[in-house]
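Please treat every number below as a calculation from the coordinates, not as lab data. Note that the coordinates shown come from a computational prediction; the quantities given were computed from them, not determined experimentally. Glycine gets a Cβ as well: all are built from the backbone with ideal geometry, and neighbour counts include every protein chain shown.
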Amino acid sequence: MDKARVLTLFLGVVRAKSFARAAVEAEVTPQAVSKAVRTLEEYLGVRLFHRTTRKLSLTTEGARLFELAEPGMRQLDEALEQVRSSRSEDDGMVRVTAPHSVGARVLVPLIRAFREEYPGITFDVVLTDLFTDLVEAKIDIGFRAGTSPGQNLVARKLCDLPLLICAAPEYLARHGTPDSLDALRRHACTGFRRPVTGRLLPWELMVDGDLVYLEVPAVATFSDVETEIEAVRAGIGIGQLQAYMVQDDLAAGRLVSILPAYRSSSVGLYMYYPHRTHVPARVRRFIDFVMAASPETLPALAGGEGKGG
C-alpha cells in the first residue's frame, strides 16, 4: 500500500466533501479514489466514512485520522513548495484571492507594476466575495475590503476605504440636493445586501465624531457592488459607495459627492496571509511590493488615509 497516496486521497475527500470532487482535484478517476479509501480502511480495520446516496460524513475514527494527519500533510506540502520555489527567488507562481470589487481596481495595477520588475513571477488570481481559508485553498495572499480578517493570520492594513454619499447629476437636477439627513430620508436611495447572508446593510455615517447607522428608504437593493454603482449612475437613487470604486466617476462628473460631513471611514483594505516560519521568496517580494506601493502604482489607494499594520 502506498500510504502517502491513499492518505492524500482520503484528506482530499474530506476537504472536498465528495469523492467525485476529490477525484477531479487529484486528476484521477472516482474509482481510484474509492479504491484508495477502501484500501486505507482495510489497512486500519475501521470505517472512515458514512456513505449514503445523498450524504457523506466522517465516522469517529475518520474524524480522528483527519485531525491527526491534516497538520502533518500541510507541513509536508509547505516543505515541498518551499524547496521547489527556492530554485529561484524571481520565478514561480503567487496565488492570490480577493473580492471581485478589488480585483480590477487593486490587483490588476499591482500585478502589472510588479511584473515589470519580476517578469519571472506569475499569478493565479481567485476572485470570490466569500472569505477564503488560505491554507486549505493553498492561497499565498488574500485581500479583503472591510474589517481586519482576524486571528491566526498576518493582516496588513493598506488604507482606509471611505464611504461617500453619491448621486448622479441627473438625479439631483430632477429631485434636488439633500442638505441634511432628514432631507436625505425623503429621497430615493439604493442599498447593498450581503450576498451570503442576504442582510441589508445600513448606511454608516459620521455624525459629530460618532459612527452611526442609518436605515435608508432603499428603492432598489443589490448584492453586487458594481451593479449598485451603475444604478446610482443611472439616476435610480442616491447611494453610499466606496470612494476608491467611484473616484473615476467623481473626476469625470458622472457622480457627485453630497453631504461630505457624513463621510465614513470605518472599513479598510487589508492584505493578509498565513503565519509561516518561512515565506517563499517570491511571495515575500510581492508582500513588500504591495506595502511600498505608491498612489502612482495603485491609484485606488490615493483616496485612503495611509498604510498601517
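Once amide H atoms are built 1.01 Å from N in the peptide plane, which residues 5 or more positions from Gly235, or in another chain, come under 5 Å H to H?
Under 5 Å from the amide H of Gly235 lie the amide H atoms of Ala168, each far enough along the sequence or on another chain.
Tell me, what HN-Hα J-couplings in whole Hz come from the Karplus equation 6.51 cos²θ - 1.76 cosθ + 1.60 at θ = phi - 60° for each residue of the stretch 201-216, using x for Gly and Pro?
7, x, 6, 9, 10, 8, 10, 6, x, 10, 7, 10, 10, 10, 7, 9
With +1 on the Cβ of every Lys and Arg and -1 on the Cβ of every Asp and Glu, and nothing else charged, how large is the dipole of the chain about its Cα centre, in debye rounded to the nearest 20? All intermediate terms of the calculation are to be shown ahead of the outcome.
Values: 37 positive and 38 negative charges, 214 e Å.
For this selection, approximately 1020 debye.
Can you find, among Val108, Val125, Ala188, the residue sitting farthest towards the positive end of the charge dipole of the chain, where Lys and Arg contribute +1 and Asp and Glu -1 at Cβ?
Val125
Counting each DSSP H run of 4 or more residues in the chain as -39500 (n - 2.57), what helix-only mean residue ellipticity at 222 nm follows after dividing by all residues, to the nearest 500 deg cm²/dmol?
Working: 11 runs with 118 residues, N = 309.
Helices in the chain give a 222 nm mean residue ellipticity of -11500 deg cm²/dmol.
Each residue of the stretch 94-107 in turn: what ³J(HN,Hα) in whole Hz from Karplus with 6.51, -1.76, 1.60 and θ = phi - 60°, glycine and Pro shown as x?
10, 9, 10, 10, 6, x, 4, 5, 8, x, 6, 7, 10, 6
With θ set to phi - 60° and the Karplus curve 6.51 cos²θ - 1.76 cosθ + 1.60, what are the ³J(HN,Hα) couplings of the stretch 61-75 in order, to the nearest whole Hz, using x for Gly and Pro?
Values per residue, Gly and Pro as x: 5, x, 5, 5, 4, 4, 4, 7, 8, 4, x, x, 5, 5, 5 Hz.
Could you pull out every residue, at least 5 positions away or on a different chain, whose amide H is within less than 5 Å of the one on Val154? Hs are placed 1.01 Å off N in the peptide plane, and Pro or chain starts have none.
So Val154 has HN proximity to Tyr273, His275.
Could you tell me which label, among (i) 18.3, 52; (ii) 24.2, 77; (iii) 22.7, 92, carries the value of Rg and Dmax of the Cα atoms in Å calculated for this structure?
(ii)
I need the GluC sites (Glu not before Pro) found in the stretch 13-119, filtered to DSSP loop residues with at most 12 other beta carbons within 10 Å of theirs.
Details: sites: Glu25, Glu27, Glu41, Glu42, Glu61, Glu67, Glu78, Glu81, Glu89, Glu116, Glu117; in loops: Glu27, Glu89.
Answer by residue number: Glu27.
Could you tell me the relative contact order of the stretch 168-262? Use alpha-carbon pairs under 8 Å, at least six residues apart, and round to a whole percent.
35
Round to the nearest 10 and give me the degree value, 0 to 90, for the angle of helix 243-252's Cα axis relative to the longest principal axis of the chain.
40
Sort 175-182, 133-140 for me by packing, meaning the mean count of neighbouring Cβ atoms within 10 Å per residue, highest on top.
Working: 175-182: 13.2, 133-140: 16.1.
Ranking the peptides 175-182, 133-140 by packing returns 133-140, 175-182.
Cα centroids of the stretch 160-217 and the stretch 33-82: how far apart, whole angstrom?
A separation of 50 Å, based on Cα centres.
Using amide H atoms built 1.01 Å from N in the peptide plane, name the residues 5+ places from Leu255, or on other chains, whose amide H lies under 5 Å from its own.
Leu250
For the peptides 255-261, 279-285, what is the packing order when you average, over each peptide's residues, the other Cβ atoms within 10 Å and list the highest mean first?
On the way: 255-261: 16.0, 279-285: 18.6.
Final packing ranking: 279-285, 255-261.
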